[in-house]
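Just below is one structure, and these are the notes that go with it.
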Amino acid sequence: MNANTVLKGDLQPGEARYAIAMSRFNSFIVERLLDGALQTLIAQGVPRERIQIVQTPGAWELPLAVQTLARREDIDAVIALGTVIRGETAHFEHVAGECVCGLRQVMLESGKPVTLGVLTVETVEQAEARSCPSDNKGAEAALAAMEMVSLQARLASP
């Protein structure tokens, strides 16, 4: 396949505006994801004034906040951050699964990138490992948002 036939996004900041929707529950992990996302966007050249942060009580509420943000004209992509840690009840399956499904639905219905920085883990140790500076899923979600904004613009052009 010729490299010129592959359409992909890039990490150029352009004029894109981002929202980060973050869950307050398990904040000791989510704050680390937020730090990773913010540092990554800023390091890639996105001015801080083009990043809005919104906090929800938990991961269950993230899809509604993300939907509201995705409907706004002044937001080009939404980065969803949260942490759901398995406990002793079925609560994990309900919250984690419905959160992820809700975020997917928002992305498809809005046509705007919604990236998934919601950890669904078995233990606190796994959450800590995925939110540390060397392997930060918030940072990965920020990069994916930038790439998808760029790709969406290219896909929309004839």
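None of the figures in this text is laboratory data; all of them are computed from the coordinates on show. Keep in mind it's a predicted model, so treat the numbers as computed, not measured. Neighbour counts are summed over all protein chains in view; Cβ atoms, including those assigned to glycine, are modelled from backbone coordinates with ideal geometry.
Which one, 110, 63, 77, projects farthest toward the positive side of the charge dipole computed for the stretch 56-147 from Cβ point charges (K/R +1, D/E -1)?
110
With +1 on each Lys and Arg Cβ and -1 on each Asp and Glu Cβ, how big is the dipole of the stretch 4-141 about its Cα centre, in debye rounded to the nearest 20?
It works out to roughly 280 debye.
Taking the highest mean first, how do the peptides 105-112, 34-41 order by number of other beta carbon atoms within 10 angstrom per residue?
Descending mean neighbour count gives 34-41, 105-112.
Can you give the FRET efficiency to the nearest 0.05 for residue 125 and residue 157, using r as the Cβ-Cβ distance and R₀ = 35 Å?
0.20
Which value in deg cm²/dmol, rounded to the nearest 500, describes the helix-derived mean residue ellipticity at 222 nm for the chain, given -39,500 (n - 2.57) per DSSP H run of n ≥ 4 and division by the residue count?
Here the helix-only value at 222 nm equals -15000 deg cm²/dmol.
Please list, in order, the residues from the stretch 67-86 whose amide nitrogen is less than 14 Å from a point placed 7 Å along the Cα→Cβ vector of residue 52.
Those under the cut-off are 67-79.
Just subtract the alpha-carbon distance of residue 7 and residue 73 from 0.36 nm times their residue separation and send over the number in nm, one decimal.
Extra length available between residue 7 and residue 73 comes to 21.2 nm.
Taking only the C-alpha atoms, wrap a convex hull around the stretch 56-147 and report its volume per residue in Å³ as a whole number.
88 Å³
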